[in-house]
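This report concerns only the one structure given below.
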Amino acid sequence: MVIESATRAARSASTRHRVLASARDLFAARGFGAVSMRDVAAEAGVSHPTVRNLFGSMDALLDAVVEGYEADLQEALEGRTPDLDLIDMIARTGRDIPGYIELFTVLAGAATLPEHPAHERFRARDSAFQAMGAEMLRNARDRGELPADLDVAGEARRLNAAWDGLQVISRYLPDEVDVPEALARRIARLRGRAPAVGPVDDVEPLAITMLLVDEPIDDAGYAVGRRRRADIIDQATAIFARDGYHGASLRDIASSVGVNASTLLHHFGSKEALLAAVLAHRDAAMAAREADADDDPVRILRDLGAAASHDARTEPGLISIYAVLSTEAVAPTHPAHEYFRDRFARAIRMFENVIQRAAARGATRPDVDPHAEAIHLIALWDGLQLQWGYDPDAIDIGRELDAHLAGVLRDDVTGAPEPAPARPAAATPRRPA
C-alpha cells in the first residue's frame, strides 16, 4: 500500500511537472491570454480534466508557472552578495531561462490592471526589485564606486523601470537590444567608467510620421456612421486596455456601444481590423498634437517630462492600452507584433536623431552615446509606464524622466534655436513609441 501510494504521488508529480512545462512553453510562444486549459492539456499529452484537477483554473496554473520561474531565479541568486555585479548575473540568468522574459513581459503589462489576478504579485515584485536595487546602489556608493550624492532610491526606481522596458524592446528587436549589455552600459555610466564618445556630426532632423497603421475609411460616408465608428473605437480602446487583445470579445465591445456584433463587423470586418483602427486612432491623436512641434533638440529633451506628466493626467487610458498591448504583443503570433516592432525601431531612430543633434551642439555629456541613450530612454519611459500602472500615486513619470535626462544633458546648455538653414519640420516625440 505504501509503495502504491508513493508510485501514485510520483506519477502525479511527473504529470504536474509536464503540465507546467507545457504551460510555460505555450505562454511564452502565444501569450497567456491566447492559451486555454485545453491547449495546455493537449501540449502535455493529458486530458483536460487532469489539468483542471491539478490546478483548478487558468489563474492558478499561471500562478504556479510564475512561482516556478521565480524559484529558478532565486536558486541562481542563492548566497550572492547584493552588489552591482549581481545585476548582470540576474539579467543573464533571466535571459537564458527559456520563456522567462517572454512570460514576465506579457504579465508585466497585463498585471498593471488592478483586477488582473497577478496585479498584487507584480506590484510586490516591482517593489522588491526596487528595494534590492537600492541596496546594491547604496553598498556601491558607500564603497566609493558611485558619486556620494547619488539619489539611491530614485536611481533604483529608474534602473528597475529601464530593465523592464529593455526586456520588452528586446522581444521585438533582439538583434539590436541585449538586456545585459544595455544594463552594463548604464552601470558603467553610473560608475563614471563609460568611455567618452567622439565628436558627433550634426544631422538633418528626422521627420518620421507616427502613423504606422492606416486607419480604415468609413465607406458609408454618413455622419451617423462616422459617429458609430468613433464610439466603437472608444469602447474598444477601453476594453482592449482592460482585457488585452485576446481577452476582449467583439460581443462585449458591441454590447458596450449598444449594437450587435454584425453591426460592428460591418464597420471593421474583423477583430484584427478593429485593433488596427484603435492603434491608428491613438497615433492620430498624438500626431495632431505634434504637428507644430518645436524642432530644437535640447528643448525637445527638456520638455519630455512635462509631456509625459500631461499624458498621465489627461490620457491615462492610452497609457493603459499601450502598456497592455505592447507587452502582450511580444508573442510573434500576436496581430499587433509587427506594428509595435516597427514603432520601436522608428522611435529609436527618432530619439537617436534628436540626441545626436543635441550632442553636435555640445549639449550632452561626453559619455552619452546617441544610439545607446535612445534605447535606454525609450526603455525607461516604457518601464515607468508599467510602474505607474502598479502604483499611479507613487510614480511621477515626468519627474523620473527629468531626473534621468539631467544626467544626459549638460547643466550649462539650454534649449535654443539651432543656427542652421531651414529644414523640414520634425515631429517631437511625446511617447517612446
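The values are calculated or read from the model by the stated rules, or taken from the named source; none is laboratory data. Because the structure is a prediction, the values reported are computed rather than measured. Glycine also receives a Cβ, built like all others from the backbone with ideal geometry; neighbour counts cover every protein chain displayed. Protein only, heavy atoms only, side chains kept; ligands, DNA and RNA dropped before computing areas. Shrake-Rupley method; radii C 1.70, N 1.55, O 1.52, S 1.80 Å.
Heavy atoms only, probe 1.4 angstrom, no DNA, RNA or ligands counted: give me VAL65, VAL200 ranked by accessible area, highest first. Present the calculation step by step, with values, prior to reporting the outcome.
On the way: VAL65 5, VAL200 35 Å².
Final ranking, largest accessible area leading: VAL200, VAL65.
Of ASP382, ASP201, ASP342, ASP178, which has the most accessible area and how do the rest follow, probe 1.4 Å?
Working: ASP382 10, ASP201 115, ASP342 65, ASP178 40 Å².
Accessible-area ranking of ASP382, ASP201, ASP342, ASP178, largest first: ASP201, ASP342, ASP178, ASP382.
Which one, ALA277, VAL408, ILE348, is farthest towards the positive end of the dipole of the chain when Lys and Arg carry +1 and Asp and Glu -1 on their Cβ?
So the residue furthest toward the plus end is ALA277.
How do MET89, MET37 rank by accessible surface area computed with a 1.4 Å probe, from largest to smallest?
Order by accessible area, largest first: MET89, MET37.
Could you tell me how far the Cα centroid of the stretch 136-194 sits from the Cα centroid of the stretch 54-91, in Å?
Spelled out, the Cα-based centre of one part sits 20 Å from the other.
Which percent of the accessible heavy-atom area of the chain goes to carbon and sulfur, probe 1.4 angstrom? If you can, show how the numbers build up before the last one.
On the way: 9730 of 19110 Å².
Carbon plus sulfur share of accessible area: 51 percent.
State, to one decimal in nm, how far the label point of GLU315 lies from the label point of ARG11, with both points 7 Å from Cα in the Cβ direction.
Modelled inter-label distance: 5.8 nm.
How large is the Kirkwood hydrodynamic radius of the chain, in angstrom, based on all distinct alpha carbon pairs?
On the way: mean 1/r = 0.0428 Å⁻¹.
Every distinct Cα pair counted, the radius reaches 23.3 Å.
Rounded to the nearest whole Å², what accessible area per residue is found for the stretch 1-68 with the 1.4 Å probe?
Numbers: 3680 Å² over 68 residues.
Solvent-accessible surface per residue comes out at 54 Å².
If you take the charge dipole of the chain about its Cα centre, with +1 on Lys and Arg Cβ and -1 on Asp and Glu Cβ, which of VAL35, ALA358, ILE187 is farthest toward its positive end?
VAL35
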